[in-house]
């Protein structure tokens, strides 16, 4: 394992980073992600906390074989992303090791060379004397480096349209953002002490967006790193309600089915918390159907060109 960097942590030595991951039946992707993580000089296998949430493809055993010092935590398949990440975080926070930062890492990310050190430097620059900071790393499409898939989000009209968000492209400078995608995120221990873990109200998604918004409300710096942190494919839309190749009727039927699933439940919870007044909340809850009828693209998770910038 490569030696650690020489930045100073809260104990006076090198900053310690706990890596938090959750996975389910994506053995090859998980191992690919971990291989990119192992190339980061700041990483030590004993600082990995990975929840194997009921995988049947041997993911947990494969990770133990390659990284015997890693902390592999078993789930029963009911945790989803939000629950799995919280389980990993609880184990890391309870460790006697003591960590300066917690890295959220999706198992479908391939980290760029030097990404972890760059994120750490950007987080430390944003943290100031209080040590509170959250730094997201943008990810690019693996087939087209001009397309940003995840990272930081800006809200162009927070008062009038509080849930309208757009991805922010890295600019070579640390940028303040409104909230985060949870794919590659570095959270300082001081920020964690104030905010705690992801809100268990959310089962699978939106806990990351909620965490960034809560951090902003607490006046904790939320920033996007200077450079892209790696690659990650955008979630596919083929066959679902967001698939533009399907007819409107087929998409509406698909949406009705999706409305009973975990993603839609989390959407309703997110809307209830951040959607504004009752009428606006109703409009947001109807918006997936209205967008299909109007033939408008789904803008929340849309990718942008890496050459774009956001206010």
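The values are calculated or read from the model by the stated rules, or taken from the named source; none is laboratory data. Computed from a predicted model, the values in this text were never measured in an experiment. Cβ atoms come from the backbone with ideal geometry, glycine included; neighbour counts cover every protein chain shown.
From 81, 104, which residue is surrounded by 19 or more Cβ atoms within 10 Å (Cβ to Cβ), assigned by TED's automatic domain parsing to the domain that holds residue 198 and part of a helix (DSSP H, G or I)? I'd like the intermediate steps shown before the answer.
On the way: 104 fails: part of a helix (DSSP H, G or I).
Selected residue: 81, the only one of 81, 104 that is surrounded by 19 or more Cβ atoms within 10 Å (Cβ to Cβ), assigned by TED's automatic domain parsing to the domain that holds residue 198 and part of a helix (DSSP H, G or I).
Criterion applied to 236, 170 was being under 22 Å from residue 142 (Cβ atoms), at pLDDT below 95 and under 19 Å from the mean Cα position of the chain (by Cα), and the one residue passing it is 236.
Every residue, every condition in (1) touching a helix residue (DSSP H, G or I) at 6+ places or on another chain (Cβ under 6 Å); (2) part of a loop (DSSP other than H, G, I, E, B); (3) farther than 22 Å from residue 263 by Cβ, yes or no:
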{"position": "20", "(1), (2), (3)": "yes, no, no"}
{"position": "29", "(1), (2), (3)": "no, no, no"}
{"position": "34", "(1), (2), (3)": "no, no, yes"}
{"position": "40", "(1), (2), (3)": "yes, yes, yes"}
{"position": "57", "(1), (2), (3)": "yes, yes, yes"}
{"position": "64", "(1), (2), (3)": "no, no, yes"}
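What's the number of the condition residue 219 fails, among (1) without any contact (Cβ under 8 Å) to a residue 40 or more places away in the chain; (2) outside the structural domain of residue 132 (by TED's automatic domain parsing)? Every listed condition holds for residue 219 apart from (2).
Scanning region 263-275 finds one or more residues that are modelled with pLDDT under 90 and over 24 Å from residue 22 (Cβ atoms). Does residue 289 qualify as being farther than 21 Å from residue 203 by Cβ and assigned to a helix (DSSP H, G or I)? So residue 289 passes the test. Counting the residues of region 178-202 that are in contact (Cβ under 8 Å) with a residue 60 or more places away in the chain, assigned to a loop (DSSP other than H, G, I, E, B) and buried (at least 19 other Cβ atoms within 10 Å of the Cβ) gives 5.
Within region 241-262, the residues that satisfy the criterion of being surrounded by 15 or more Cβ atoms within 10 Å (Cβ to Cβ), closer than 25 Å to residue 210 by Cα and either out of contact with any helix residue (DSSP H, G or I) (no Cβ under 7 Å at 6 or more places or on another chain) or assigned by TED's automatic domain parsing to the domain that holds residue 79 (or both) are 242, 259. Looking only at residues in region 44-55 that are more than 19 Å from the chain's Cα centre (by Cα) and outside any helix (DSSP H, G or I), which one is nearest to residue 16 (Cα to Cα)? In this case the residue turns out to be 44.
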